[in-house]
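Would you mind keeping the following structure in view while I ask a few things?
The values are calculated or read from the model by the stated rules, or taken from the named source; none is laboratory data. The model shown is predicted, which means the values in this text are computed figures rather than measured ones. Here the Cβ positions follow ideal geometry from the backbone for every residue, glycine too, while neighbour counts run over all protein chains shown.
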Amino acid sequence: MFFGGRRREPDTPDEGTETRRRACRGAFALFAVVGLAACAPDRAGERARSSRTASADAPIELTDDAGNAVRLAHPARRIVSLIPSATETLIAIGAAGDIVGRTRYDTAPEVAALPSVGGGVDASVEAIVNMRPDLVIAWRSDSRGSTRERLVSVGIPVFVLKTEDTTDIFRGIASMGRLTGRDSAALAVATSVRRGLDDVRRAAAGRPTPKVFYLVYNDPPMTAGPRTFIAQLLSLAGAKSIFTDSSQLWPNVAMEEILRRDPDLLVVPAGAGVNSLDRLRQQSGWRDLRAVREGRVITVPADIVNRPSPIIARSARLLLEAIHPELRADSAGAPRPTSAPAAR
């Protein structure tokens, strides 16, 4: 999705727009920095590294998220993934060995040694063709669509994915399982993720619900709309976004409106390319925000929380413990005495 020290493409939001690319290319760099081994929802991914199903050589036909019918003569065995979160999904279901090409933003140990085809929406078609893939996973929000058109024209199947909300994430897990002949492994991973999300929901039940502003980008201010996986995870973790009424996925919002809605907490993805608390305190607008003045700013790791992949259960847990720190145990295992502010 966004953020990092270097300029890079986002995994969300709305990769195809110029606004998002300006705001988020610096944001996604961090996503590629951490290896997937540190991001597994639990050991379900390891257990899923099994052989293909009995129908390993059967033809496959599946409709992608853009409505295209994608046909494979057999489960994919040579995959180029142009979406970092899809790469993580493939690894989680045990299909790392099927990946032959990645983007410059994928650095999980399982794919770090593979050749890069460039970016997700500006990939080198020539490099992809030379890898002889039997499947390419591409962005639905690549509004240009030129990469898909060129690959399909030379006979390479392209499966387009949408990664906006949690429903998309679970559908993506199932689709990756179907396309690789690992339906059972995909089901196991999805079941594990749902279990983790349910645990977070139960832990947050009955607790105060602070109003939060999730800072996707600070200049201009951008946040997560209610139909995004981040907003859904915030709600699951016991918080309420101050922009639940937005009709956009990743809206730019006026600083004056943020001040008017007066969030209890400011949530900042660490490493997301946004300013530090010290810098925010010096900037007009941000320094006037009550949450900033009172130090009610919580940070979460951008390389985990901003990923629309099987890691969302871990993301939800991190948000829960940041919003409700009384649930977070210290190194000795004792609960911390501090707590998040109550809803106003």
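Given the criterion more than 16 Å from the chain's Cα centre (by Cα) and in contact (Cβ under 8 Å) with a residue 12 or more places away in the chain, identify the matching residue among A190, A237. Lay out the reasoning, then the answer.
On the way: A190 fails: more than 16 Å from the chain's Cα centre (by Cα).
Being more than 16 Å from the chain's Cα centre (by Cα) and in contact (Cβ under 8 Å) with a residue 12 or more places away in the chain holds for just one of A190, A237, which is A237.
What number of residues within the stretch 200-217 satisfy the criterion of being crowded, with 21+ Cβ neighbours inside 10 Å and in a helix (DSSP H, G or I)? Quick ask: steps written out before the conclusion?
Residues of the stretch 200-217 that are crowded, with 21+ Cβ neighbours inside 10 Å, as a first pass: 200, 204, 210, 212-217.
Okay, now just the ones that are also in a helix (DSSP H, G or I), so 200, 204.
Of the residues in that region, 2 qualify.
Moving on. Where in the stretch 97-199 are the helices (runs of 4 or more DSSP H), entirely inside, with at least 3 residues that are under 27 Å from G225 (Cβ atoms)? Can you show your working first?
Numbers: elements: 125-130, 146-153, 166-180.
Answer list for the stretch 97-199: 166-180.
Take the conditions hydroxyl-bearing (S, T, Y), surrounded by 17 or more Cβ atoms within 10 Å (Cβ to Cβ) and over 21 Å from V193 (Cα atoms) and apply them to T163. Does it pass?
Taking the combined requirement at face value, the residue does not satisfy it.
Please verify whether A138 is out of contact with any Cys (no Cβ under 8 Å at 6 or more places or on another chain) and at pLDDT 95 or above, treating the condition exactly as stated.
no
Within the stretch 263-279, is even one residue more than 26 Å from the chain's Cα centre (by Cα) and modelled with pLDDT under 80? Give the derivation first.
In the first step, residues of the stretch 263-279 are kept if they are more than 26 Å from the chain's Cα centre (by Cα); the result is 278-279.
Cutting the leftovers down to modelled with pLDDT under 80 gives us 278-279.
Within the stretch 263-279, one or more residues are more than 26 Å from the chain's Cα centre (by Cα) and modelled with pLDDT under 80.
Just give me the residues in the stretch 135-158 being buried (at least 19 other Cβ atoms within 10 Å of the Cβ) and more than 17 Å from P308 (Cα to Cα), in sequence order. Before you say what the answer is, go through the steps one by one.
Let us first name the residues in the stretch 135-158 that are buried (at least 19 other Cβ atoms within 10 Å of the Cβ), namely 135-142, 147-148, 151, 156-158.
L135, V136, T147, R148, L151, I156, P157, V158 - these are the residues of the stretch 135-158 that are buried (at least 19 other Cβ atoms within 10 Å of the Cβ) and more than 17 Å from P308 (Cα to Cα).
Quick check: is even one residue across the stretch 196-212 within 24 Å of P251 (Cβ to Cβ), touching a helix residue (DSSP H, G or I) at 6+ places or on another chain (Cβ under 7 Å) and in the same structural domain as Q232 (by TED's automatic domain parsing)? Give the steps one after another, and end with the answer.
Residues of the stretch 196-212 within 24 Å of P251 (Cβ to Cβ): 209-212.
Those left that are additionally touching a helix residue (DSSP H, G or I) at 6+ places or on another chain (Cβ under 7 Å): 210, 212.
Filter once more, so that each one left must be in the same structural domain as Q232 (by TED's automatic domain parsing): 210, 212.
Within the stretch 196-212 (the criterion being within 24 Å of P251 (Cβ to Cβ), touching a helix residue (DSSP H, G or I) at 6+ places or on another chain (Cβ under 7 Å) and in the same structural domain as Q232 (by TED's automatic domain parsing)), the answer is yes, since at least one residue qualifies.
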